[in-house]
Amino acid sequence: RKGKTTVEFFGSAERVRRAGELVARDAEADLSIIRVTTNHVFSVAPIASKSFAPEPGQPASSVGCDNGKDPTARHMRITAVNRYLGAPTIECSGEPVKGRSGGGLFNDSGELIGVCSAREPSEHRGIYGGLVAVHTLLDRQGLASIYQRKTPDGSRVVTAGLNQKRDGTLTLPSP
């Protein structure tokens, strides 16, 4: 809580860095929610709903910054779900390198299903905080609508809980 957090946004011509504020965390699952204040609007990935069940053999992709470089995607397969004692996890083929921690794990629909947490070097696997842990942390903050809310056509609305100002900027609600 005493450390400084900086969030770096990629994908636009200008790399944007903003101070982040810890809103909530789950130390056992190695997950956090970070609040960032900005006037920039960024595209986001939807979070998979509770109906998505990760299973061994399913394809997955992780996005992260190998050794502090620009983000890259790695394609892999889920090898195990909740293999370890403690918080929910998803294990995948391919061992993440330093710098990928905190990067997202996505299903083949582009939905977030986990967050990179650790590596298992003896089997060359990546360990990700699982979707159930992500949902639980969001639920504790009253943010379940981020992954539950759907529009009439069934597509996900990922701006749930955001307030749009007249000048077009978006602000997050208080936790």
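The values are calculated or read from the model by the stated rules, or taken from the named source; none is laboratory data. Note that the coordinates shown come from a computational prediction; the quantities given were computed from them, not determined experimentally. Keep in mind that these areas ignore ligands, DNA and RNA; they rest on the heavy atoms of the full protein, side chains included. Shrake-Rupley method; radii C 1.70, N 1.55, O 1.52, S 1.80 Å.
A viscosity of 0.692 mPa s and a temperature of 37 °C, combined with the Kirkwood radius over Cα pairs in Stokes-Einstein, give a translational diffusion coefficient for region 50-90 of 275 µm²/s.
The share of Cα pairs per 5 Å bin across region 18-145, counted from zero up to the longest distance, runs 2, 11, 21, 24, 22, 13, 6, 1, 0 percent.
Residues S43, S122, S62, S32 ordered from highest to lowest accessible area at a 1.4 Å probe: S43, S122, S32, S62. Taking every pair of alpha-carbon atoms in region 74-128, give the share separated by more than 12 Å as a whole percent. So the pairs more than 12 Å apart make up 62 percent of the total in region 74-128.
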